[in-house]
Amino acid sequence: MVLIWYTQTAFQGCIPERRNFRLIITVSRDTILPVRTYEARLTEIQLAAGEGAGGRLAAWIDCPPSAIPAAGQYVLAYAPRDPFSAVGTALFCGEASLGLKTSARGFLAVPPFPASWVPGTPLVLRGPLGRGFSLNGQRLALAALGDTVARLLPLAAQALQRSDAVTLFTNASLPALPASIEIYPLGSLPEALAWADCLAIDLPLEALPGLRLSLGLKKEDQLILPAQALVYTPIPCAGLAECGACAVPARHSRQPRTTERRTFWLACKDGPVFNLDELVW
Ligand code: FES
């Protein structure tokens, strides 16, 4: 998109006086599209069961339906009354029944979130942001290589709604899941490649170099099915300042961002879900 700006006063000293000039600024559509903000409230924190557990499993965020991030997307959340909340917290939906629930307002957010957030904390949500999952197939394989399966659950819920078969591969601890999801350890993942129509992965950025091994692929092997990965990495500015903290190594496809030294995507804007063939792994 091109904006044309006529002015006599700006850039004084750079142009001859009293002469109109035309400044053409090219901006990407992403930059100027308004991102909505919503008032929200943390209403409940679910804790891990068991003696000495004490971990936070999820937080219920009460918000309007249009603020709920789709599978793989996120919202950036700020607690306006928290002086340490200048940097937002990226919240992903971890709701296994997303799309099925009609009575409750809001969504179940996946940790981590600040320790200062307690039930009743008012929040401002910005988003939803980023690219989510866009996979189609009647046999969906899910692989969680990090310490949670939660960010994959909205995708599982969508597939179950369509009566697709869903199989989950992980070594992470599991929440209560629908009985129709088959569950296997990560070591069984290579066998899924022959069975599944498509593969959705959730992995921390640091696990990307080991992904080929997890899939049982040799260096020269190609994946034989469509696959997307949610690359989980800190997203401190969500693209507002282009800080680069969320850079993910990219292949030369779909015009990645480049500097003299590297070719990369920004997980906050270009992802956090990528087609696997767009990444270096
Ligand atoms: S988080 Fe700052 S550029 Fe992505």
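The values are calculated or read from the model by the stated rules, or taken from the named source; none is laboratory data. Fair warning: this is a prediction, and the values are worked out from it, not measured in the lab. FYI the Cβ positions are ideal-geometry reconstructions off the backbone, even for glycines, and counts take in every protein chain you see.
Can you tell me which residues in region 215-242 are away from the ligand (no atom under 12 Å from the Cβ) and among the aliphatic types (A, V, I, L, M)? Walk me through it before giving the result.
Kept after step one, since they are away from the ligand (no atom under 12 Å from the Cβ), are these residues of region 215-242: 215-230, 232.
Within region 215-242, LEU215, LEU217, LEU223, ILE224, LEU225, ALA227, ALA229, LEU230 qualify.
Just give me the residues in region 130-166 being part of a strand (DSSP E or B) and either surrounded by fewer than 21 Cβ atoms within 10 Å (Cβ to Cβ) or at pLDDT below 90 (or both), in sequence order.
The first filter runs over region 130-166 and keeps only residues part of a strand (DSSP E or B), leaving 131, 139-144, 165-166.
Across region 130-166, the qualifying residues are ARG131, ARG139, ALA165.
Can SER253 be described as among the polar types (S, T, N, Q) and at pLDDT 90 or above? Working first, answer last.
On the way: among the polar types (S, T, N, Q): yes; at pLDDT 90 or above: no.
In short, no.
For the structure I just gave you, tell me whether ALA247 is in contact with a Ser or Thr (Cβ under 8 Å, 6 or more places away or on another chain) and within 16 Å of the ligand (Cβ to nearest atom). Walk me through it before giving the result.
On the way: in contact with a Ser or Thr (Cβ under 8 Å, 6 or more places away or on another chain): no; within 16 Å of the ligand (Cβ to nearest atom): yes.
Answer is no for this residue.
In region 203-239, what count of residues is obtained for those that are under 24 Å from PRO114 (Cβ atoms) and in contact with a Cys (Cβ under 9 Å, 6 or more places away or on another chain)?
Count: 9.
Filter region 118-127 down to residues that are within 27 Å of VAL231 (Cβ to Cβ) and buried (at least 21 other Cβ atoms within 10 Å of the Cβ) and give me whichever is modelled with the lowest pLDDT.
Step one: filter region 118-127 for residues within 27 Å of VAL231 (Cβ to Cβ), giving 123-127.
Imposing the further condition that a residue be buried (at least 21 other Cβ atoms within 10 Å of the Cβ) reduces the set to 123, 125, 127.
On the way: LEU123: 95, LEU125: 94, GLY127: 86.
Filtering first and then ranking leaves GLY127.
Inside region 263-272, can you point out the residues that are buried (at least 24 other Cβ atoms within 10 Å of the Cβ) and touching a Ser or Thr at 6+ places or on another chain (Cβ under 8 Å)?
Hits for region 263-272 are ALA267, PRO272.
Under the condition of being in a loop (DSSP other than H, G, I, E, B) and touching a strand residue (DSSP E or B) at 6+ places or on another chain (Cβ under 7 Å), which residue from region 209-232 is nearest to ARG151 (Cα to Cα)? Spell out how you get there, then give the answer.
If we filter region 209-232 for residues that are in a loop (DSSP other than H, G, I, E, B), which is where we start, we get 215-226.
Of the ones still in play, those that are also touching a strand residue (DSSP E or B) at 6+ places or on another chain (Cβ under 7 Å) are 225-226.
Details: LEU225: 21, PRO226: 19 Å.
This residue is PRO226.
ILE201 passes all but one of (1) assigned to a loop (DSSP other than H, G, I, E, B); (2) surrounded by 14 or more Cβ atoms within 10 Å (Cβ to Cβ); (3) away from the ligand (no atom under 16 Å from the Cβ); which number fails?
Failed condition: (1).
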